[in-house]
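Can you keep this structure in mind? I'll have questions shortly.
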Amino acid sequence: MKNKKQKNKDYIIWPIKILLLALIFSLSFSLLSEVALSNASIIIAVIIILVFVSLGILFDVIGLAVASANIRHFTAMAARKVKGSKQAISLVKNAGKVSSICNDVIGDVCGILAGAAGASIIAKIVIESDKSFLSILIPALVSAIIAGLTIFGKAIFKRYAINNANKITLHFAKFINFFTRKG
(Lines give C-alpha, C1' and ligand atoms only; values in the text may rest on other atoms or scores of the structure.)
Protein backbone atom coordinates (compact mmCIF):
# COMPACT_ATOMS: atom_id res chain seq x y z
CA MET A 1 0.00 0.00 0.00
CA LYS A 2 1.18 3.48 -0.76
CA ASN A 3 2.15 5.70 2.08
CA LYS A 4 0.64 9.17 2.56
CA LYS A 5 3.64 10.98 1.04
CA GLN A 6 3.42 8.89 -2.15
CA LYS A 7 -0.35 9.51 -2.42
CA ASN A 8 0.22 13.27 -2.07
CA LYS A 9 2.89 13.10 -4.75
CA ASP A 10 0.56 11.16 -7.08
CA TYR A 11 -2.18 13.70 -6.34
CA ILE A 12 0.06 16.45 -7.75
CA ILE A 13 1.74 14.50 -10.56
CA TRP A 14 -1.47 13.27 -12.25
CA PRO A 15 -2.86 16.77 -12.96
CA ILE A 16 0.53 17.81 -14.34
CA LYS A 17 0.56 14.78 -16.64
CA ILE A 18 -2.99 15.61 -17.78
CA LEU A 19 -1.95 19.22 -18.41
CA LEU A 20 0.95 18.09 -20.59
CA LEU A 21 -1.24 15.58 -22.42
CA ALA A 22 -3.89 18.25 -23.02
CA LEU A 23 -1.27 20.65 -24.36
CA ILE A 24 0.16 17.99 -26.70
CA PHE A 25 -3.27 16.90 -28.00
CA SER A 26 -4.49 20.46 -28.33
CA LEU A 27 -1.40 21.63 -30.18
CA SER A 28 -1.36 18.59 -32.48
CA PHE A 29 -5.06 18.72 -33.35
CA SER A 30 -4.96 22.51 -33.64
CA LEU A 31 -2.03 22.44 -36.06
CA LEU A 32 -3.72 19.74 -38.14
CA SER A 33 -6.99 21.64 -38.29
CA GLU A 34 -5.25 24.94 -39.09
CA VAL A 35 -3.43 23.31 -42.00
CA ALA A 36 -6.65 21.68 -43.20
CA LEU A 37 -8.73 24.84 -42.76
CA SER A 38 -6.28 27.46 -44.08
CA ASN A 39 -7.58 27.32 -47.64
CA ALA A 40 -10.53 25.01 -47.14
CA SER A 41 -14.00 25.57 -48.44
CA ILE A 42 -16.92 25.89 -46.07
CA ILE A 43 -17.90 22.28 -46.85
CA ILE A 44 -14.48 20.99 -45.77
CA ALA A 45 -14.68 23.12 -42.62
CA VAL A 46 -18.12 21.64 -41.83
CA ILE A 47 -16.72 18.12 -42.30
CA ILE A 48 -13.83 18.93 -39.95
CA ILE A 49 -16.30 20.28 -37.39
CA LEU A 50 -18.36 17.10 -37.64
CA VAL A 51 -15.23 14.98 -37.20
CA PHE A 52 -14.22 16.90 -34.05
CA VAL A 53 -17.76 16.76 -32.64
CA SER A 54 -17.96 13.02 -33.39
CA LEU A 55 -14.58 12.34 -31.77
CA GLY A 56 -15.62 14.32 -28.70
CA ILE A 57 -18.82 12.27 -28.41
CA LEU A 58 -17.01 8.97 -29.03
CA PHE A 59 -14.43 9.62 -26.33
CA ASP A 60 -17.14 10.78 -23.94
CA VAL A 61 -18.87 7.43 -24.50
CA ILE A 62 -15.62 5.52 -23.94
CA GLY A 63 -14.76 7.44 -20.77
CA LEU A 64 -18.22 6.91 -19.30
CA ALA A 65 -18.29 3.24 -20.32
CA VAL A 66 -14.95 2.50 -18.67
CA ALA A 67 -16.09 4.28 -15.51
CA SER A 68 -19.33 2.25 -15.53
CA ALA A 69 -17.85 -1.15 -16.46
CA ASN A 70 -17.85 -4.15 -14.10
CA ILE A 71 -14.36 -5.50 -13.43
CA ARG A 72 -15.74 -8.95 -12.48
CA HIS A 73 -16.96 -9.37 -16.04
CA PHE A 74 -13.42 -8.93 -17.38
CA THR A 75 -11.83 -11.05 -14.65
CA ALA A 76 -14.03 -13.96 -15.75
CA MET A 77 -13.08 -13.28 -19.38
CA ALA A 78 -9.38 -13.17 -18.49
CA ALA A 79 -9.72 -16.60 -16.87
CA ARG A 80 -11.03 -17.84 -20.24
CA LYS A 81 -8.15 -15.98 -21.98
CA VAL A 82 -10.46 -13.70 -23.99
CA LYS A 83 -8.45 -11.22 -26.05
CA GLY A 84 -8.49 -7.72 -24.60
CA SER A 85 -9.79 -8.78 -21.20
CA LYS A 86 -6.53 -8.05 -19.37
CA GLN A 87 -6.35 -4.62 -21.01
CA ALA A 88 -10.00 -4.05 -20.02
CA ILE A 89 -9.17 -4.92 -16.40
CA SER A 90 -6.38 -2.36 -16.49
CA LEU A 91 -8.73 0.25 -17.97
CA VAL A 92 -11.38 -0.35 -15.31
CA LYS A 93 -8.81 -0.33 -12.49
CA ASN A 94 -7.68 3.06 -13.78
CA ALA A 95 -11.18 4.28 -14.65
CA GLY A 96 -10.64 7.71 -13.11
CA LYS A 97 -7.56 8.37 -15.22
CA VAL A 98 -9.05 6.82 -18.37
CA SER A 99 -12.20 8.87 -17.94
CA SER A 100 -10.16 12.01 -17.36
CA ILE A 101 -8.14 11.44 -20.53
CA CYS A 102 -11.13 10.47 -22.69
CA ASN A 103 -13.68 12.97 -21.40
CA ASP A 104 -11.58 15.89 -20.23
CA VAL A 105 -8.55 15.84 -22.48
CA ILE A 106 -9.65 14.40 -25.81
CA GLY A 107 -13.35 15.27 -25.51
CA ASP A 108 -12.80 18.86 -24.42
CA VAL A 109 -9.99 19.47 -26.90
CA CYS A 110 -12.23 18.21 -29.72
CA GLY A 111 -15.02 20.53 -28.53
CA ILE A 112 -12.70 23.51 -28.47
CA LEU A 113 -11.31 22.71 -31.91
CA ALA A 114 -14.82 22.26 -33.32
CA GLY A 115 -15.48 25.78 -32.08
CA ALA A 116 -12.27 27.03 -33.69
CA ALA A 117 -13.25 25.40 -36.99
CA GLY A 118 -16.63 27.08 -36.60
CA ALA A 119 -14.82 30.38 -36.17
CA SER A 120 -13.09 29.71 -39.49
CA ILE A 121 -16.47 29.30 -41.17
CA ILE A 122 -17.75 32.42 -39.46
CA ALA A 123 -14.73 34.42 -40.63
CA LYS A 124 -15.24 33.32 -44.24
CA ILE A 125 -18.94 34.19 -44.13
CA VAL A 126 -18.43 37.56 -42.43
CA ILE A 127 -15.64 38.56 -44.83
CA GLU A 128 -17.84 37.67 -47.79
CA SER A 129 -20.99 39.25 -46.32
CA ASP A 130 -22.34 42.73 -46.76
CA LYS A 131 -22.07 43.49 -43.02
CA SER A 132 -25.81 43.12 -42.60
CA PHE A 133 -27.81 41.61 -39.78
CA LEU A 134 -26.85 38.19 -41.16
CA SER A 135 -23.22 38.84 -40.32
CA ILE A 136 -24.30 39.02 -36.68
CA LEU A 137 -26.83 36.19 -36.83
CA ILE A 138 -24.70 33.61 -38.68
CA PRO A 139 -21.84 33.48 -36.11
CA ALA A 140 -24.35 33.01 -33.32
CA LEU A 141 -26.13 30.25 -35.28
CA VAL A 142 -22.87 28.44 -36.13
CA SER A 143 -21.78 28.49 -32.47
CA ALA A 144 -25.22 27.35 -31.30
CA ILE A 145 -25.32 24.50 -33.82
CA ILE A 146 -21.85 23.24 -32.81
CA ALA A 147 -22.72 23.41 -29.10
CA GLY A 148 -26.14 21.85 -29.70
CA LEU A 149 -24.77 18.94 -31.74
CA THR A 150 -22.08 18.25 -29.15
CA ILE A 151 -24.46 18.35 -26.20
CA PHE A 152 -27.15 16.37 -28.05
CA GLY A 153 -24.67 13.68 -29.10
CA LYS A 154 -23.25 13.30 -25.61
CA ALA A 155 -26.71 13.23 -24.05
CA ILE A 156 -28.11 10.66 -26.47
CA PHE A 157 -25.16 8.30 -26.10
CA LYS A 158 -24.79 8.47 -22.28
CA ARG A 159 -27.48 5.83 -21.69
CA TYR A 160 -25.95 3.67 -24.42
CA ALA A 161 -22.51 3.97 -22.77
CA ILE A 162 -23.85 2.99 -19.36
CA ASN A 163 -26.03 0.13 -20.64
CA ASN A 164 -23.24 -1.27 -22.83
CA ALA A 165 -20.27 -0.37 -20.63
CA ASN A 166 -18.66 -3.82 -20.63
CA LYS A 167 -19.01 -4.27 -24.39
CA ILE A 168 -17.66 -0.79 -25.18
CA THR A 169 -14.79 -1.19 -22.71
CA LEU A 170 -13.82 -4.55 -24.22
CA HIS A 171 -13.87 -3.15 -27.76
CA PHE A 172 -11.75 -0.20 -26.66
CA ALA A 173 -9.38 -2.56 -24.83
CA LYS A 174 -9.02 -4.71 -27.96
CA PHE A 175 -8.33 -1.56 -30.00
CA ILE A 176 -5.65 -0.43 -27.55
CA ASN A 177 -4.28 -3.97 -27.34
CA PHE A 178 -3.89 -4.08 -31.12
CA PHE A 179 -1.56 -1.06 -30.99
CA THR A 180 0.32 -2.03 -27.84
CA ARG A 181 1.01 -5.70 -28.54
CA LYS A 182 4.59 -6.73 -28.18
CA GLY A 183 6.29 -8.83 -30.81
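The values are calculated or read from the model by the stated rules, or taken from the named source; none is laboratory data. This one's a predicted model, so the numbers in the text were calculated from it and none came from an experiment. We place every Cβ from the backbone using ideal geometry, glycine too, and count neighbours over all the protein chains shown.
Do the conditions hold for PHE74, that is, is it aromatic (Phe, Trp, Tyr), over 10 Å from the mean Cα position of the chain (by Cα) and surrounded by 21 or more Cβ atoms within 10 Å (Cβ to Cβ)?
Taking the combined requirement at face value, the residue satisfies it.
Output the number of the condition that VAL82 fails; it satisfies all remaining conditions of (1) outside any helix (DSSP H, G or I); (2) under 27 Å from LYS17 (Cα atoms); (3) not basic (Lys, Arg).
(2)
Looking for whichever is closer than 16 Å to GLY118 by Cβ, at pLDDT 75 or above, of a type in the set (A, V, I, L, M) and assigned to a helix (DSSP H, G or I) here; the options are ILE43, ILE18, ILE13, ILE24. Which one fits?
Details: ILE18 fails: closer than 16 Å to GLY118 by Cβ; ILE13 fails: closer than 16 Å to GLY118 by Cβ; ILE24 fails: closer than 16 Å to GLY118 by Cβ.
Sole residue among the options that is closer than 16 Å to GLY118 by Cβ, at pLDDT 75 or above, of a type in the set (A, V, I, L, M) and assigned to a helix (DSSP H, G or I): ILE43.
Please find, among ALA22, ALA36, ALA65, the residue that is over 26 Å from ALA155 (Cα atoms) and surrounded by 14 or more Cβ atoms within 10 Å (Cβ to Cβ).
ALA36
Would you point out which residue out of ALA40, ALA76, ALA45 is free of Cβ contacts under 8 Å to residues at least 24 places away in the same chain, farther than 15 Å from HIS171 by Cα and of a type in the set (A, V, I, L, M, F, W, C)?
Exactly one residue qualifies, and that residue is ALA76.
Residues are listed down the side, and each one gets a yes or a no for (1) among the hydrophobic types (A, V, I, L, M, F, W, C); (2) more than 26 Å from LEU21 (Cα to Cα):
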position: PHE74; (1), (2): yes, yes
position: ASN94; (1), (2): no, no
position: ILE101; (1), (2): yes, no
position: ILE138; (1), (2): yes, yes
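List, please: which pairs have Cβ atoms under 7 Å, are six or more places apart or on different chains, and start with a residue in region 114-140 that is at pLDDT below 80 and end with one that is not in a helix (DSSP H, G or I)?
SER135/SER129
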